[in-house]
1. May I have the count of lysine pairs in the chain with C-alpha atoms under 27 Å apart, counting pairs 8 or more residues apart or located on different chains?
2. Using only Cα atoms and rounding to the nearest 10 degrees, what angle (0 to 90) does helix 66-85 make with the longest principal axis of the chain?
3. What is the angle, in °, between the Cα long axis of helix 31-44 and the longest principal axis of the Cα atoms in the chain? Nearest 10 is fine, range 0 to 90.
4. In nanometres, what is the gap between the two model label sites at E8 and D70, each 7 Å from Cα along Cα-to-Cβ?
5. Kindly express, to the nearest 10 degrees and within the range 0 to 90, the angle between helix 48-62's C-alpha long axis and the longest C-alpha principal axis of the chain.
6. Out of the stretch 4-40, which trypsin sites (Lys or Arg not before Pro) are coil in DSSP terms and have no more than 10 other C-beta atoms within 10 Å?
7. Take the Cα atoms of the stretch 28-87, find their three principal axes, and give me the spread along each one in whole Å, biggest first.
8. Would you compute, from DSSP H runs of 4+ residues alone, the mean residue ellipticity of the chain at 222 nm, taking -39500 (n - 2.57) per run and dividing by the full residue count, rounded to the nearest 500?
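No value in this document is a laboratory result; all are computed from the given coordinates. Because the structure is a prediction, the values reported are computed rather than measured. Cβ coordinates were reconstructed from backbone atoms using ideal geometry, including for glycine residues, and neighbour counts include every protein chain displayed.
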Amino acid sequence: MAITNTIEHLTIDLTPDVKTALEHKAKGKDIKQYVQNLVQKQALRPALEEALAPVRQEFAESGMSEDELDVFMNSVREKAHQDRQSK
């Protein structure tokens, strides 16, 4: 069985301001390679629903109410804020 890799080519038009922004973000790297890496990362990133599924499952199994979750998250956020302020 032969394995074949197919490379697809895509041409996109960039406005001058987008091209300039990409060149700036590429920090001297080849812009074509930089954009290719961006597209690959985005394409392979799981969808938000997929990424949140384990969290939602754990929340459902915890028996915690949404109000309890709000209180918990607010306390975690406040602690993180205090930790940043103390540094």
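1. Value for the chain: 9.
2. 70 degrees
3. The answer is roughly 40 degrees.
4. Taking the two extended label points, one gets 4.3 nm.
5. Approximately 20 degrees, to the nearest 10.
6. Those satisfying the criteria are K27.
7. Principal-axis extents of the Cα atoms in the stretch 28-87, largest first: 48, 35, 12 Å.
8. Per the formula, -22500 deg cm²/dmol.
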